[in-house]
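What follows is calculated from the coordinates using simple rules that are stated; it is not laboratory data. All of these numbers come straight from a predicted model, not from anything done at the bench. Glycine also receives a Cβ, built like all others from the backbone with ideal geometry; neighbour counts cover every protein chain displayed.
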Amino acid sequence: IGGFLPILFFSSSGVSMNSHVSLHKRIIAGQNCDDTERLYHVRLEGRNGNHKRLCGGSLIHPEWILTAAHCWKSETTKATLGVHPRTATQQKQIIQHNPVIYLNQWHKRHDIMLLKLQRPVRNIRPAQLPRCNNRLRIGATVQLAGEGPPTTSRNHQRCERNIEVLRIKSLFLSGDSGGGVVFNKKIVGVISSRGKNYAFRNPVFSMDVCDYMEWIRNTTGLNKPRIS
């Protein structure tokens, strides 16, 4: 099971935070972000030697982040929570647990990953996951969240913009990888597209969360009854 959402995202903008990592692929354009939106968005900064990678992610459980598998850097991956709003108190944690990357029946990796935090997050409400009884259809309006400046030359905090599937053109940048695709206030996808470290006009792919829901629940313990 598992795969891409059956859509291409051709336009978007994202929750874009100031960062010293300035040349990763990022979503371009946007609007001022409301302080109540995307509080669960996570900044992920990975390093292998001199190579850095900036990604996004979504807190879906007090101890678990959902993101793209290609965002993992084995030497050091740091998660920053509370990146939005600007007035929030940021929490930084080094990921010390091994990443949980989805493997299919042929042991092939899919571009979706769960990262376990060392300490549970108590003051940020996790993102909601979909029920999956009504799957996303072509023509639906979704939102993307990304990480990094919304242009290649300015650092301004921005928010996601509604986009209609298959209808709009965009600039997408790799700092947005791993961020959440939202429909009806629920995370329905994980941004998967990769490319060179500058803006480009290519389709944006997203991993379909519903295809991985059982794996997510089994890994994180979401929706399992607690033993008192």
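Tell me, in nm to one decimal, what length is gained between K186 and H107 on full extension, where the rule is 0.36 nm per residue of separation less the Cα-Cα distance?
25.6 nm
With labels modelled as points extended 7 Å from the Cα through the Cβ direction, what inter-label distance (nm, one decimal) is found for T76 paired with N133?
Label-label distance for T76 and N133, simple model: 4.7 nm.
Sorted by packing (mean other beta-carbon atoms within 10 Å per residue), highest first, where do 93-100, 114-121 land?
The densest-packed peptide leads the list: 114-121, 93-100.
Among 62-70, 46-54, how do they line up from the highest to the lowest mean number of other beta-carbon atoms within 10 Å?
So the order, starting with the most tightly packed, is 62-70, 46-54.
So who's got an amide H within less than 5 Å of the one on A140, skipping anything under 5 residues away but keeping other chains? H placed 1.01 Å off N, in plane.
Hits under the 5 Å cutoff: V165.
If packing is taken as the average number of other Cβ atoms within 10 Å across a peptide's residues, how do 123-133, 208-218 rank, most packed first?
Averaged packing, sorted descending, gives the order 208-218, 123-133.
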